[in-house]
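Quick notes on the structure that follows.
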Amino acid sequence: MSIAILPMSQEFNWNSTTVGLIQSSFFWGYLLTQIVGGIWADRIGGKLVLGFGVVWWSVATVLTPIAAKIGLPFLLVMRAFMGIGEGVAMPAMNNILSKWIPVSERSRSLSLVYSGMYLGSVIGLAISPILISKFGWPSVFYSFGSIGSIWFALWQRKAYSSPKEDPDLSVEEKKLILGGNISKEPVSVIPWKLILSKAPVWALIISHFCHNWGTFILLTWMPTYYNQVLKFNLTESGLLCVLPWLTMAVFANIGGWIADTLVSKGLSITAVRKIMQSIGFLGPAFFLTQLSRVKTPAMAVLCMACSQGSDAFSQSGLYSNHQDIGPRYAGVLLGLSNTAGVLAGVFGTAATGYILQRGSWDDVFKVAVALYLIGTLIWNVFSTGEKILD
């Protein structure tokens, strides 16, 4: 959508505020299923929940061009519908990883799985301009929406919610996974009062909000920034938007390897999470402040790439922390903190459209930097890598 919105806004005559509204409408639905997805995954297993989510959002993607042609309200509803499907994905993934991955491999595995999202963005942003120029903007939604059916067929045949359910797993491997992990019994009752009484849980929630404000602005508005400020055309915007996501895919895995190595060398999980997340906050803050000073488009793209590259260290910081502090409730905890993260997406994307009508890109980046600094402070004071929920 972040690429297709450029020809769509010309065809339908949308201004910046309308574009911001469309970009943020995805998050309305995404917000609704974060906690529900987490509860559902913790109770019935991540395989079913993730499978449902992919089918739902694939159908919504295919229907997007039809909705856009009927009218703006229909498009907003369809984008929200797509968000409903995608909202269960991260809680379900977190639940599956908490069952399958020993603590010693946690950062690497999470980074590897999440780098799939970054590589998806890379492929989407690189291919979208080509599809648009050859077949028109609706082709983007039809082609990417239909890929979900192929994935779903493979998922149904090959995936299992936990090692106990996998008939092809050897006894030795089961012992290795379950030995380095925590109780695998499904959750029947979620202790909300206990969860919400813990300071590290609130550190996760607030830090996730601060982190996602900057990330979602870059995700949704970067092609517009390249197009309007750096004067790149649609194809150039798509190809250059690829670079920061490619950087994230690489650096997420480097960060995961560093984090697991530090843990294996005896550094406490708390210290490792604080170090990695501090890089994930302060790196983007630094590079975004440089954007107003750079003189060439190439340097601006480099700053964006460095910002996203350092942001990827968050995969070994706050994103790994749900499984540290409450492995049995990993889905619910991710749902809770990602709800705050999505609120940042909703407000951040809409606010950016509003700021741009009255101010400049400098003002947009200043808000993001301020939130990165607040997040750094709260994370370092209140977070922990120790298990606080049993």
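Within the set of pairs 6 or more residues apart or between chains, which connect a residue that is under 18 Å from residue 6 (Cα atoms) inside segment 130-150 to a residue that is not in a helix (DSSP H, G or I) with Cβ atoms less than 8 Å apart? These pairs meet every condition: 132/3; 132/4; 137/4; 140/3; 140/4; 141/4.
Collect the residues in segment 174-202 that are among the charged types (D, E, K, R) and either at pLDDT below 85 or open to solvent by less than 50 Å² (accessible area, probe 1.4 Å) (or both), keeping them in residue-number order. Of everything in segment 174-202, those that are among the charged types (D, E, K, R) and either at pLDDT below 85 or open to solvent by less than 50 Å² (accessible area, probe 1.4 Å) (or both) turn out to be 174, 175, 184, 185.
Restricting to segment 94-149, and then to whatever is of a type in the set (D, E, K, R) and either more than 20 Å from the chain's Cα centre (by Cα) or open to solvent by less than 20 Å² (accessible area, probe 1.4 Å) (or both), can you tell me which residue is farthest from residue 81 (Cα to Cα)? Can you show your working first?
Step one: of segment 94-149, the residues of a type in the set (D, E, K, R) are 99, 105-106, 108, 134.
Restricting the remaining residues to those that are either more than 20 Å from the chain's Cα centre (by Cα) or open to solvent by less than 20 Å² (accessible area, probe 1.4 Å) (or both) gives 99, 105-106, 134.
Values: 99: 29, 105: 35, 106: 32, 134: 28 Å.
Residue satisfying both the conditions and the ranking: 105.
Apart from one condition, residue 74 fits all of (1) over 19 Å from residue 1 (Cβ atoms); (2) open to solvent by 60 Å² or more (accessible area, probe 1.4 Å); (3) of a type outside the set (Ser, Thr, Tyr); the exception is (1).
Within segment 79-93, work out how many residues are open to solvent by 20 Å² or more (accessible area, probe 1.4 Å) and farther than 19 Å from residue 46 by Cβ. Walk me through how you get there before you give the answer.
So the first thing to find is which residues in segment 79-93 are open to solvent by 20 Å² or more (accessible area, probe 1.4 Å), and the list is 79, 81-82, 84, 86, 93.
Keeping just the survivors that are farther than 19 Å from residue 46 by Cβ gives 79, 81-82.
The number of residues fulfilling the criteria is 3.
Going through (1) in contact with a helix residue (DSSP H, G or I) (Cβ under 6 Å, 6 or more places away or on another chain); (2) not in a helix (DSSP H, G or I) one by one, residue 14 falls short only on (1). Across segment 279-331, which residue is modelled with the highest pLDDT among those that are open to solvent by 50 Å² or more (accessible area, probe 1.4 Å) and of a type in the set (Gly, Ala, Ser)? Among residues in segment 279-331 that are open to solvent by 50 Å² or more (accessible area, probe 1.4 Å) and of a type in the set (Gly, Ala, Ser), the one modelled with the highest pLDDT is 298. Residue pairs whose Cβ atoms lie under 6 Å apart, sitting 6 or more positions apart in sequence or on different chains, and linking a residue in segment 280-309 that is more than 21 Å from residue 359 (Cα to Cα) and among the hydroxyl-bearing types (Ser, Thr, Tyr) to a partner that is open to solvent by less than 50 Å² (accessible area, probe 1.4 Å) and part of a helix (DSSP H, G or I), are 307/284; 307/288.
Of all helices (runs of 4 or more DSSP H) completely enclosed by segment 277-390, which ones contain at least 2 residues that are small (Gly, Ala, Ser)?
Numbers: elements: 297-311, 318-325, 330-358, 361-382.
Result: 297-311, 330-358, 361-382.
The values are calculated or read from the model by the stated rules, or taken from the named source; none is laboratory data. The structure presented is a predicted model; accordingly, all values stated were derived computationally and were not measured. Every residue, glycine among them, receives a Cβ derived from its backbone with ideal geometry; neighbour counts consider all protein chains shown. Surface accessibility is based on the protein's heavy atoms, side chains included, excluding ligands, DNA and RNA. Shrake-Rupley method; radii C 1.70, N 1.55, O 1.52, S 1.80 Å.
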